[in-house]
Amino acid sequence: MSNPFADDLPRPKPKHEIGQDLSTLSVFELDERIEQLRAEIERLQEARVAKEKTKSAADAFFKT
């Protein structure tokens with residue numbers, strides 16, 4: 001059974017933060033971060049495309 005209070009629990013801190021000091025990261029950690037950021041960029045681009053489609057459909061509906 002899922003926890004009904006799951007949204008109230010603290011979220012784990014991301015392993016990598018934008019703007020963090022990179023001098024403490026190993027080459028492996030840098031590569032890992034690059035892959036995570038590429039995946040996040042792809043996810044953001046997909047969300048943007050979906051929102052543009054929704055906006056275009058709404059614009060077309062309300063123009064008529």
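Rule-based calculations on the coordinates, nothing more; no lab input. Just so you know, these numbers come straight off a predicted model, no measurement behind them. Because the Cβ atoms are built from the backbone with ideal geometry, glycine has one as well, and the counts that use them run over all protein chains shown.
How much length, in nm to one decimal, is gained on full extension between LEU44 and LYS63, taken as 0.36 nm per residue of separation minus their Cα-Cα distance?
The LEU44-LYS63 span can extend by a further 4.0 nm.
Around GLN45, what is the net charge, scoring Lys/Arg as +1 and Asp/Glu as -1 over all other residues with Cβ under 12 Å from its Cβ?
0
With axes computed from alpha carbons, what is the tilt in degrees of helix 27-63 against the longest principal axis of the chain, rounded to the nearest 10 within 0 to 90?
Its long axis makes an angle of about 10 degrees.
Please give me the summed charge of the neighbours of ALA58: other residues whose Cβ is under 14 Å from its Cβ, Lys and Arg +1, Asp and Glu -1. Could you put the intermediate results ahead of the total?
Values: positive: LYS51, LYS53, LYS55, LYS63; negative: GLU52, ASP59.
Here the charged neighbours net out to +2.
For mean projected area of the Cα convex hull in nm², which listed value, (i) 8.3; (ii) 4.8; (iii) 6.1, comes from the coordinates shown?
Given (i) 8.3; (ii) 4.8; (iii) 6.1, the calculated one carries the label (i).
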